[in-house]
Amino acid sequence: MAIVEAKSIEKIDDSHEIEPTTEELTTLEHISDYIPLAVWLIVICELCERFAYYGLSGPFQNYIQHPAPGPNSTQPGALGRGQQIATALTTFFQFFSYLAPIAGAILADQFWGKYKTIIVACVVYMVGLVILVLSSISPSIEKGVAFPGLVIAMVILGAGAGGVKSNVSPLMAEQYTRTTPVITEIRGKKKIIDPNVTMQSMFNWFYWAINIGALSSIITTNTEKYHSFWLAYLLPLIVFIGAIVVLIIGRNRYVRKPPSGSLLIRAGRVIGTAIGNRWRLGKLPNHPNLLDYAKEISSQVDEDGKDIVATENSNRSDRFDCFHSDLRQIDLSYFATI
């Protein structure tokens with residue numbers, strides 16, 4: 001069995017590629033291909049975004065819960081809203097940040113494409129960071145605008161994070177276009193450049209970027225303790241600028257696939273059609289699953305004036321029919337009993 005290694009090689013000439021035989025696939029070593037520059041730029045973008053996300057969210061609990069420290073106090077704080085409100089808001093921020101990617105994915109797949117969605121999300125993200133920094137300075141806290149500013153910033157930041165989070169890793173995956181393994185020779189030894197190994201290597205670096213970025217909370221929580229909250233929030237803002245910079249620098253390098261339609265919207269339409277037909281026609285013996293009703297059905301009236309199922313509309317689109325069949329493969333036991 002071949003030993004799989006995730007190491008990169010120099011970019012090879014595509015015009016002299018040789019595909020391996022079945023025997024070579026099982027006996028030769030599989031290695032990673034040259035990783036495109038666009039991938040590294042996206043990894044840097046993810047590093048900056050995760051640095052900003054974890055860096056700004058780390059001080060939230062102390063910032064909201066505790067009041068500004070007195071002369072003899074070492075407990076950092078600013079708003080003094082108590083533990084309950086602080087925990088509720090930080091939990092809401094985390095929840096919203098992980099809910100917003102659904103909307104980000106729909107926008108990318110249905111309307112804008114991944115790259116444009118990320119750019120727009122980064123602008124939204126930056127607006128939230130600016131509001132957070134400005135609302136955390138001493139004059140804002142003294143005038144009572146820090147708390148509403150924080151809530152507004154949380155909503156904006158969550159929306160921005162959702163747009164980035166749902167699209168940055170798929171965009172990175174699209175930058176590598178090789179789909180079949182090829183043979184190369186390194187130091188007199190034949191090896192196989194494997195797209196699967198290359199993709200593993202790319203995502204290894206991607207998740208390293210996430211983990212390194214997550215360490216930012218150590219920096220910002222110490223900054224809040226020994227200096228101020230506004231500086232703790234300013235650091236993520238400064239680093240996040242790097243995410244926008246690399247996106248703009250690589251704009252002509254990125255592989256950008258046009259939006260092809262959101263599966264969530266298509267699934268919603270199929271389920272909506274199924275529920276509507278089920279409600280209109282009642283339970284039918286030859287439709288044991290709710291999704292069976294998603295096929296476009298025409299009705300006729302028998303001699304007694306009752307609706308009966310006639311024939312399925314032969315003009316329905318092949319895409320709808322194929323998608324319906326794929327969706328129906330999902331084991332939804334509840335639907336089968338409706």
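Taking the stretch 190-258 as the region of interest, the helices (runs of 4 or more DSSP H) fully inside it that hold 3 or more residues being β-branched (V, I, T) and touching a helix residue (DSSP H, G or I) at 6+ places or on another chain (Cβ under 8 Å) are 216-226, 229-249.
Tell me the residue from A105, A68, A88 that is surrounded by fewer than 19 Cβ atoms within 10 Å (Cβ to Cβ), more than 20 Å from L235 (Cα to Cα), touching a residue at least 60 places away in the same chain (Cβ under 8 Å) and in the same structural domain as I238 (by TED's automatic domain parsing), please. Matching residue, one of A105, A68, A88: A68. Of the helices (runs of 4 or more DSSP H) contained entirely in the stretch 30-124, those carrying at least 2 residues that are among the aliphatic types (A, V, I, L, M) and within 14 Å of the chain's Cα centre (by Cα) fall at 37-57, 83-107. Applying the criterion of being of a type in the set (S, T, Y) and in contact (Cβ under 8 Å) with a residue 60 or more places away in the chain to the residues of the stretch 249-288, the residue that is nearest to I35 (Cα to Cα) is Y254. What about A173, is it under 28 Å from G250 (Cα atoms), small (G, A, S), in contact with a Ser or Thr (Cβ under 9 Å, 6 or more places away or on another chain) and part of a helix (DSSP H, G or I)? It is false that A173 is under 28 Å from G250 (Cα atoms), small (G, A, S), in contact with a Ser or Thr (Cβ under 9 Å, 6 or more places away or on another chain) and part of a helix (DSSP H, G or I).
Condition first: touching a Leu at 6+ places or on another chain (Cβ under 6 Å) and at pLDDT 95 or above. Can you find one or more residues in the stretch 71-83 that meet it? Taking every residue of the stretch 71-83 in turn, none turns out to be touching a Leu at 6+ places or on another chain (Cβ under 6 Å) and at pLDDT 95 or above.
Annotation: L89 fulfils all but one of (1) over 30 Å from T180 (Cα atoms); (2) in contact with a Phe, Trp or Tyr (Cβ under 6 Å, 6 or more places away or on another chain); the unmet one is (2).
Of the residues in the stretch 41-56, at least one is modelled with pLDDT of 95 or more and hydroxyl-bearing (S, T, Y). Selection within the stretch 125-180: residues that are surrounded by fewer than 24 Cβ atoms within 10 Å (Cβ to Cβ) and of a type in the set (F, W, Y). The member of this set that is farthest from the chain's Cα centre (by Cα) is F147. Among the residues of the stretch 201-213, the one identified as buried (at least 16 other Cβ atoms within 10 Å of the Cβ) and within 25 Å of P76 (Cβ to Cβ) is G213. Screening the stretch 229-245 for residues that are more than 21 Å from the chain's Cα centre (by Cα) and in contact (Cβ under 8 Å) with a residue 24 or more places away in the chain and picking the one that is surrounded by the fewest Cβ atoms within 10 Å (Cβ to Cβ) gives L235.
The values are calculated or read from the model by the stated rules, or taken from the named source; none is laboratory data. Please read these numbers as outputs of a predicted model, since none were measured by experiment. Ideal geometry is used to build each Cβ from the backbone, glycine not excepted, and the neighbour counts take in all protein chains shown.
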